[in-house]
Every structure is written in structure tokens, then in C-alpha cells.
Amino acid sequence: MKVFIQIPCLNESEFLPATLKELPRELPGIDEVKWLVIDDGSTDNTTEVALANGVDYVVRFSHNQGLASAFQAGIDAALKLGADIIVNTDADNQYDASAIPALVAEIVEGRADVVVGDRDTRKVSEFSPLKRVLQRFGTRVVQQFSGTNVHDATSGFRAFSRDAALQINLVTKFTYTIESLIQVDDASLALTNVPVKRNDSVRPSRLFGSTWKYVRRNGMTMMRIYVQYRPMHLFVPVGFTLLILALGAWTPWLIDAFAGHPHQHLQSTILGAVLAISGVQVFLFGIIADSINSVRSLTTKTLHRVREIELHVGVEPKIYRERK
């Protein structure tokens, strides 16, 4: 059995050696442990530093394509290189690598297909009280969206079985954490959580400039993903709400009509008509989105089969550099 530990990187030459120093080369029940770095268009010498510090393979983009694209490229390369389990971690050594055996063990022992490292953000002293609240609230929202019991939705410290990795097909470019969780539920994969320690930050996050920017972008990402994967859960309640509001707007006219003293109530009648038409349109949008979601589901299954065929026939990964 072969484990790949992958690290998406962007200008990480300063901090990458410390991260690599903590990674294991041997794991219980594992025959080989390989390291893979995805250089997301770095302008420093991240690739050279990675190879000099023992990384086995480097996938390199000519320009920055975003964290989600780097994550997906790493998954694809690791699978083609024969990975049975893929562990994803960060280049800034945020996650304590001593938890990797525990993440891998959940998959080796057949208890899970996907394992998420739980930082227990309630106790991270480095986070402000506001950030802790936002982390907990965001995780609850993602739990509802994804249908999973994930404890730390934004944690990038994860392990995937080969079958789970084959079914990850990301559309978003900002971050992979949320969309991959919804795909876990769609594919009926087993997910579990493993407590992990969080090391102190050595630099500010490069994914977002502020907490509010992160909340805004993640909020838009969740809305987009929800429309794509759970359209009827969104459009049906909105449509019903608009129809109920339309009925409320028509109530004065209805009361007078039943009382035998009909009045025009022109403004409320027009408002009710607008709301009713909008409600019907939202229902129609939901039906269209649900039809598109069915096509997306079939496309995902097709991609899964294509990737299995590629692995069977031995399609070579797009490796930029390999340690000699």
C-alpha cells in the first residue's frame, strides 16, 4: 500500500523545509510513503527547495491557478503515481504532522473513505473570539449543506482513500474544502474526524486578506455550490415564501371580496401579482437547476470511470520534476 502526502505551495521556499522535516517516511501498515509538492506558479525557488529537502515529485504550474486547482492537480498526479491513500497538508506547517498516522489508520482499517483533521477551533488561542464564532457557525452551515458530520469544515488536513480521491472533481478555484465535502455526501463516502494539533502560524494566510473577505468569498462559494448540488433545497423554500407573501398582499382584497364590499386595493393586488409571478419563476428555475444537477451527476460518474480507465491503461502524470 502506498501513501502520498501532498502539499500545495505558493512561494513557500522559506517555510517548506520545516514542514517537510516533520513529515513521516514510514507509517504502520504502509509499504511506501511518497511526498508530492504542487507548485502553484511560485516566483521563488519553491520547486528547487522542495527537491533539495526530499520531495519525490513536483507538479508545477506556469502561473498561479488557485488553491483548489493545485489540490486537484495533486490528487490526479498522486493517483496516476499509484497512491492508495492521499494525505493533504499545508506548506506553512500549520498542521501537526504527528497526526498523519491517525488519519491514515482510519482508512487502512476500513472505518472511513475520507478523514478530516479537527483542530477544535474553539480552543485555538491564536483565533480571535469573533473568528472562533465564525468558524463554528460556518461549520454548522457546511454540515447542513453537505450532509456530513464534519467537525472542522475549513481544515485542509485531510486523508482520502483511492476511491474517494477518484470521485473528487472540483469546480471552484478559491478553496476545495467545502465543495469536496458535498461531493463526499453525493458519492455516499464514509467520513470521520480525527483530533489534530495546530501549530502556531509563521505567516499571515495567503488565501484571504481578512476574516470578512474570507467569510464573503466562502459564503459566495457555498451559495454557488448549493445551487449546483442542492437546487431544490434552495429554490422550493424561496418559491413557497414568495407565494405566501403574494397571498398576504392579496389578503385585504380577499377579505373585502368575501365580505361583499370589494375594493380595488390596486397597490396590494399589483404587489401580490409580482410576488406570485416571481414565486412561479423561482420554482421553474429550481426545476431547470435540478435537471442540470442530474446531468452534472451523470458527468461526475463518467469522469470517475474515465479516471479509472486512465489508471488502468497507465496514463502518465504531468510531473514537472522528479527527485533522482
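Looking only at the stretch 235-245, decide whether some residue is under 35 Å from the mean Cα position of the chain (by Cα), small (Gly, Ala, Ser) and modelled with pLDDT of 80 or more.
Yes - at least one qualifying residue is present in the stretch 235-245.
State which residue pairs qualify: first residue assigned by TED's automatic domain parsing to the domain that holds residue 120 and inside the stretch 132-161, second residue crowded, with 16+ Cβ neighbours inside 10 Å and aromatic (Phe, Trp, Tyr) in any location, beta carbons under 6 Å apart, and separation of 6 or more residues or different chains.
145/226; 157/95
Scan the stretch 38-58 and tell me whether some residue there is under 30 Å from residue 109 (Cβ atoms), free of Cβ contacts under 8 Å to residues at least 40 places away in the same chain and touching a helix residue (DSSP H, G or I) at 6+ places or on another chain (Cβ under 7 Å).
Checked against the condition, which is being under 30 Å from residue 109 (Cβ atoms), free of Cβ contacts under 8 Å to residues at least 40 places away in the same chain and touching a helix residue (DSSP H, G or I) at 6+ places or on another chain (Cβ under 7 Å), the stretch 38-58 yields at least one hit.
Across the stretch 85-99, what is the number of residues that are hydroxyl-bearing (Ser, Thr, Tyr) and assigned to a loop (DSSP other than H, G, I, E, B)?
Qualifying residue count for the region: 1.
Can you report the number of residues in the stretch 136-172 which are in a helix (DSSP H, G or I) and of a type in the set (A, V, I, L, M, F, W, C)?
Of the residues in the stretch 136-172, the ones in a helix (DSSP H, G or I) are 136-146, 162-166.
If we keep only those that are of a type in the set (A, V, I, L, M, F, W, C) too, we end up with 137, 141-142, 145, 164-166.
The qualifying residues number 7.
Have a look at 293, 218 and point out the one that is surrounded by 12 or more Cβ atoms within 10 Å (Cβ to Cβ), out of contact with any Leu (no Cβ under 8 Å at 6 or more places or on another chain), assigned by TED's automatic domain parsing to the domain that holds residue 165 and closer than 30 Å to residue 144 by Cβ.
Answer to the selection: 218.
Touching a Ser or Thr at 6+ places or on another chain (Cβ under 7 Å) and either modelled with pLDDT under 85 or assigned to a loop (DSSP other than H, G, I, E, B) (or both): does that describe residue 122?
No; evaluated as a whole, the condition is false for this residue.
Got a number for residues in the stretch 95-107 being out of contact with any Phe, Trp or Tyr (no Cβ under 7 Å at 6 or more places or on another chain), at pLDDT below 95 and crowded, with 23+ Cβ neighbours inside 10 Å?
The qualifying residues number 0.
If a residue has to be part of a strand (DSSP E or B) and more than 13 Å from the chain's Cα centre (by Cα) to count, how many in the stretch 100-114 make the cut?
Adding up the residues that qualify gives 0.
Quick one: is residue 207 at pLDDT below 75 and surrounded by 15 or more Cβ atoms within 10 Å (Cβ to Cβ)?
yes
Can you tell me which residue within the stretch 59-70, out of those that are touching a helix residue (DSSP H, G or I) at 6+ places or on another chain (Cβ under 8 Å) and at pLDDT 90 or above, is farthest from residue 18 (Cα to Cα)?
61
The values are calculated or read from the model by the stated rules, or taken from the named source; none is laboratory data. If you're wondering where the values come from, they're calculated on a predicted model, not measured in any experiment. Note: ideal-geometry Cβ built from the backbone for every residue, glycine included; neighbour counts use all protein chains shown.
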